[in-house]
Structures are given as C-alpha cells and as structure tokens.
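Here is the structure we will look at, set down as structure tokens.
The values are calculated or read from the model by the stated rules, or taken from the named source; none is laboratory data. Nothing here was measured: the structure is a model prediction, and the numbers come from that model. Every residue, glycine among them, receives a Cβ derived from its backbone with ideal geometry; neighbour counts consider all protein chains shown.
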Amino acid sequence: MVDREPIHVIGGGLAGTEAAWQVARAGVPVVLHEMRPVKTSLAHHSEHLAELVCSNSFGAMGTDRASGCCMRNCGGWALL
C-alpha cells in the first residue's frame, strides 16, 4: 500500500465535515481544520462541528450571520 498525503479540509461546518467524511470513506487520509472552540464567531452558537448556519443560504448581511461576518472581516472575497 502506498502512503498518501492527507487532504486538508478547511472548516468544520456542515460542508467541511461532509467533505472530510467522504474523503475518509474513500480511504484517503484527511485532516479537518476548524477554528472553534479556540476561536469563535458571532454567526455560530456552539463549539461543535457541523453546525448549520442557515444565513449562508439566505445571504444575510447582518454581522451576527456567517455571510455578514465574511463581508465585514474578509472584504467579501470568501463569498466569490
């Protein structure tokens, strides 16, 4: 068996944990990087993985929503 380099998944939200799970199911090593619980954001309400942040779907711009935090903190580049 050939050693494989791990796939790095950034973000332990719903999409990130799904991606990491699918990579692992395919037999590929995976490293999941998540900022919580060390660092928090106004959009999240827990320190747990796979938290569903519905504002992403609705495009909310409030600073208590994930997309609003991205617009404020990242200049919106993360939404492209």
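Here are some notes:
- The condition of being of a type in the set (D, E, K, R) and modelled with pLDDT under 85 does not hold for GLU34.
- Filtering the range 1-23 to residues that are surrounded by fewer than 15 Cβ atoms within 10 Å (Cβ to Cβ), more than 11 Å from the chain's Cα centre (by Cα) and not in a strand (DSSP E or B) leaves MET1, VAL2, ASP3, ARG4, GLU5, PRO6, TRP21, GLN22.
- Test result for ALA26, at pLDDT 85 or above, out of contact with any Phe, Trp or Tyr (no Cβ under 9 Å at 6 or more places or on another chain) and surrounded by 12 or more Cβ atoms within 10 Å (Cβ to Cβ): no
- Criterion: modelled with pLDDT under 85, under 13 Å from the mean Cα position of the chain (by Cα) and among the β-branched types (Val, Ile, Thr) - qualifying residue of THR63, THR40: THR40
- Matching residues, the range 29-41, being surrounded by 14 or more Cβ atoms within 10 Å (Cβ to Cβ) and touching a helix residue (DSSP H, G or I) at 6+ places or on another chain (Cβ under 9 Å): VAL30, LEU32, GLU34, SER41
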